[in-house]
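Take a look at the structure below.
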Amino acid sequence: MPRKVRIATVCQNYDVVASADENRDRLLRKAEALVSSRPDLICLPETFTWPYEGGSLNDLAETIPGPTTEVCADLARRANAHVICPLFSRDGPRFLNSAVILDRRGQIVGAYHKAQPVTSSHDYRTLENGVHPGPADLPVFDLDFGRIGIQICFDLIFPETWLQLAAKGAELVFWPSAYDGGRSLDHMAYQLKCPVISSSRGHRSRIIDPMGEVIAQTCESQHTALAMIDLDTVVCHLDFHPKIADELRATYGDRVSCRACQEEALLFIQSNDPDLPVAELVRLHGLERLDDYRERHRKTYAALRDGREPEAQDPPYRDRPQHR
């Protein structure tokens, strides 16, 4: 059945001063506007307490739990929402760039530690003024509405970690950052076929759907954004599905939404009816998810490269034309 989740994000909009306490207070005042909307999750920007000038990790890195997670836990309880709380953290002698996940009761679910911190020295021996990279094996987090993954800022230019999250079944990826991401972020959502939600210290935070389309964003005068995302969707290649969009509209009307992206040769389908899950649409209309369509091709490629005759496959659309 449709799984609608309300996702909210905050933009810091470069509203940063020299005091970590004041930065925390300013950002949380922005997030306060979301409490009455009752989102399922609120994402905050990367290391939002950190001043751009004059900061020291030794002075400002926090324990988990600590002052910033406690304030965010209060926000989570009042909004009845999960909160992603990014901060510089301490792990013994090491400093990490972290994003802590809090549940609706303000309890810590877990933390992602930035796998790819950016260099802050010309010789590449120092990362982010002393940050250590997090584990290469990235976690995913099962929340009460679905499975999420997190990337932070410079992680954006390393597609392998995003693909790792997709392979682990992440249904949403959150990207707290010091910059806005631009087209690279749209591209990542499109490649993963997974919603991506940014929360920026810069000019704009965005909520992007699996086709790389921005569905909500902040602006100069509005520093929060909120959107409803359906996690029960399917993306198909238009091969062997050329008339499916018309068929679904004729059969179900506005109970189903279909977006045919002709230039990309893709079809994005979601149900608007709780009694009509996407899995049922897949079964009744012989649909095949893009990942499965790719996998069929990989089997044939592997056989031919090995000098073997490819096995005949039996897809659900065997009686439909490939095009038109």
| Can you run phi through the Karplus equation (6.51, -1.76, 1.60; θ = phi - 60°) for the stretch 121-135 and list ³J(HN,Hα) in whole Hz, with x for Gly and Pro? | 9, 5, 8, 6, 9, 10, 10, 6, 6, x, 6, 9, x, x, x
| query | Which whole-number percent is the relative contact order of the stretch 1-99 (Cα, under 8 Å, 6+ apart)? | reply | 30
| Shape parameters for the stretch 8-99, alpha-carbon atoms, Rg then Dmax in Å | 12.9, 40
| said: If I model a spin label at Gln313 and Asp123 as a point 7 Å from the Cα along the Cα→Cβ vector, what separation in nanometres do I get? | reply: 5.3
| How much length is gained on full extension from Thr300 to Asp59, taking 0.36 nm per residue of separation minus their Cα-Cα distance? | 81.0 nm
| request: Two decimals is fine: what's Rg over Rh for the stretch 35-193, C-alpha atoms, Kirkwood radius as Rh? | output: 0.95
| remark: Helix-only [θ] at 222 nm, the chain, -39500 (n - 2.57) per DSSP H run of 4+, per residue, nearest 500, equals -7500 deg cm²/dmol
| field | Pairwise Cα inverse-distance average, inverted: Kirkwood Rh of the stretch 164-230 (Å) | value | 11.9
| Mind listing P(r) for the stretch 167-324? All alpha-carbon pairs, 5 Å bins, whole percents. | 2, 8, 15, 17, 16, 14, 11, 8, 5, 2, 1, 0, 0
| message | Accessible area per residue for the stretch 9-109 in Å², computed with a 1.4 Å probe and the full protein assembly in place, what is it? | response | 40
| field | DSSP bridge orientation in the chain - percent antiparallel, rounded to nearest 5 | value | 70
| note | Sorted list, accessible surface of protein heavy atoms, 1.4 Å probe, largest first, for Asp155, Asp254 is Asp254, Asp155
| For the stretch 200-291, radius of gyration divided by Kirkwood radius, i.e. Rg to Rh on alpha-carbons | 1.06
| message | No solvent, one uniform scatterer per C-alpha: report log10 I(q)/I(0) for the stretch 66-136 via the Debye equation at q = 0.13 1/Å, two decimals. | response | -0.42
| note | Computed about the Cα centre, the charge dipole of the chain from +1 Lys/Arg and -1 Asp/Glu charges at the Cβ has a magnitude in debye, to the nearest 20, of 240
| Stretched out fully, how many nm does the piece from Lys4 to Glu213 gain, at 0.36 nm a residue minus the Cα gap? | 73.5 nm
| message | Per residue of the stretch 203-215, what does 6.51 cos²θ - 1.76 cosθ + 1.60 with θ = phi - 60° give for ³J(HN,Hα)? Whole Hz please, x for Gly and Pro, Karplus curve as stated. | response | 8, 8, 10, 9, 10, 10, 7, x, 9, x, 9, 6, 9
| Relative contact order [Cα under 8 Å, 6+ residues apart], the chain, whole percent | 17
| Rounded percent of accessible protein surface that carbon and sulfur make up, the stretch 106-191, 1.4 Å probe | 55
| task | With the full set of protein chains in place, find how many percent of the accessible area of the stretch 227-300 is carbon and sulfur; take the probe as 1.4 Å. | result | 46
| request: Might you tell me the accessible area per residue for the stretch 186-324, computed with a 1.4 Å probe and given in Å²? | output: 54
| Per-residue ³J(HN,Hα) for the stretch 258-263, Karplus 6.51 cos²θ - 1.76 cosθ + 1.60, θ = phi - 60°, Hz, x for Gly and Pro | 10, 10, 8, 9, 5, 5
| Count the lysine pairs in the chain that are 8 or more places apart or on different chains: how many have C-alpha atoms under 24 angstrom apart? | 8
| said: Suppose the chain between Gln191 and His203 were pulled fully straight at 0.36 nm per residue; how much longer would it get relative to their current alpha carbon spacing? | reply: 1.9 nm
| task | Compute the separation of the alpha-carbon centres of the stretch 230-299 and the stretch 88-105 and state it in Å as a whole number. | result | 39
| request: First obtain the Kirkwood hydrodynamic radius of the stretch 103-238 from its Cα pairs, then insert it into the Stokes-Einstein equation at 20 °C and 1.002 mPa s, and state the resulting D in µm² per second as a whole number. | output: 135
| field | Cβ-based charge dipole, the stretch 99-201, positive-most Cα from Gln151, Ala115, Val196 | value | Val196
| note | At q = 0.07, 0.16 Å⁻¹, the log10 of I(q)/I(0) for the chain from a Debye sum over equal Cα scatterers comes to -0.32, -1.28
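The values are calculated or read from the model by the stated rules, or taken from the named source; none is laboratory data. A quick note: this is a predicted structure, and the numbers were derived from the prediction, not measured. Quick reminder, even Gly has a Cβ in these numbers, built from the backbone with ideal geometry, and neighbours come from all protein chains shown. What goes into the accessible areas is simple: the full protein's heavy atoms, side chains included, and nothing from ligands, DNA or RNA. Shrake-Rupley method; radii C 1.70, N 1.55, O 1.52, S 1.80 Å.
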